[in-house]
Amino acid sequence: MSVHEQFADDLSLYALGALEGKERLVLEKHLEECSACRRELQQLQGDMALLALSASGPKPPQRSRQRLMSAIAQEPRRLDVPVRRRSWLPAVRWALAVAAVCVVALLLEQNSNLSQHLASVQSELARREAQLEQAKQVVVTFTAPEAQQVTLVAAKTSPQPQGKAFYLRAKGSLIFLANNMPQLPSQKAYELWIIPISGAAIPAGVFKPNAHGSATVVNPPLQAGVEAKAFAITIEPEEGSSAPSSQPIMVGSGE
């Protein structure tokens, strides 16, 4: 067995920082005298550094892999020569390679999970912003000094149905609150109308009361700037009508 083969195992352990005691002192003394073993130690340390750095990318460096394969292919396989200790060099190198691949896979999985979480957070944020904007519009319609408030009542009915419309003409915003509304036949609904200063009635939302006779219409799609002379309610098919098909059951004019 050559001198270099004798120190092959110790070089691997020394590169990992795992060689101690008398064996470490003997190897360090040998390294002072042997340039070949010093070169082998430098190569081992370089390979380990490259494998460690490979965790930051999706693929270990090709140069490091080729050197590892070449080093394994050149390992002596002599069965007739007694060896002081089973060589750890191939196992150490492959262990480092496997560890690097595992780290890369873990980083890629974490990146994918973070991307999915970010998309979910952005979607939830957009939904909440839309809800906040809608709430702001409702508050403005209720509180704006220029908002038109109209009360709609029905005569000769007990308890008397009543509705309250808050209409902000400049924005085309409308909030309507109703109570004591009678229940409707099947496939029928109440429809709210804006009666403009001139022109035909404008549909302003279809609604059905709950079990207590209450109902609301919040910001139906309306054109901004339409001046309302009055508001009215008719009974229509539950999908609504483009023009009133019956006489109004409730009417209210601007205050």
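The values are calculated or read from the model by the stated rules, or taken from the named source; none is laboratory data. This structure is a prediction, so every number in the text was calculated from the model and none was measured. Every residue, glycine among them, receives a Cβ derived from its backbone with ideal geometry; neighbour counts consider all protein chains shown.
A compact table of results
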{"quantity": "Residue that is farthest from residue 222 (Cα to Cα), among those in region 158-188 that are surrounded by 12 or more Cβ atoms within 10 Å (Cβ to Cβ) and of a type in the set (A, V, I, L, M)", "calculated": "184"}
{"quantity": "Residue tally, condition surrounded by fewer than 18 Cβ atoms within 10 Å (Cβ to Cβ) and not in a strand (DSSP E or B), over region 220-247", "calculated": "15"}
{"quantity": "Residue in region 190-212 that is part of a strand (DSSP E or B), out of contact with any strand residue (DSSP E or B) (no Cβ under 7 Å at 6 or more places or on another chain) and of a type outside the set (A, V, I, L, M) present", "calculated": "no"}
{"quantity": "Matching residues, region 163-199, being in contact (Cβ under 8 Å) with a residue 60 or more places away in the chain and under 20 Å from residue 246 (Cβ atoms)", "calculated": "163, 165"}
{"quantity": "Residue count, region 90-146 (criterion: touching a residue at least 60 places away in the same chain (Cβ under 8 Å) and either touching a helix residue (DSSP H, G or I) at 6+ places or on another chain (Cβ under 8 Å) or assigned by TED's automatic domain parsing to the domain that holds residue 40 (or both))", "calculated": "1"}
{"quantity": "Hits in region 6-42 - residues which are crowded, with 16+ Cβ neighbours inside 10 Å, modelled with pLDDT under 85 and either of a type in the set (D, E, K, R) or outside any helix (DSSP H, G or I) (or both)", "calculated": "7, 9, 10, 19"}
{"quantity": "Region 12-24 residues that are under 17 Å from residue 39 (Cα atoms), paired with ones that are among the β-branched types (Val, Ile, Thr) and crowded, with 18+ Cβ neighbours inside 10 Å (beta carbon under 7 Å, 6 or more apart)", "calculated": "12/92; 16/92"}
{"quantity": "Any hit, region 170-187, residues being in a strand (DSSP E or B) and more than 26 Å from residue 224 (Cα to Cα)", "calculated": "yes"}
{"quantity": "Considering residues of region 129-145 that are assigned to a helix (DSSP H, G or I) and either small (Gly, Ala, Ser) or in contact with a Lys or Arg (Cβ under 9 Å, 6 or more places away or on another chain) (or both) only, the residue nearest to residue 166 (Cα to Cα)", "calculated": "141"}
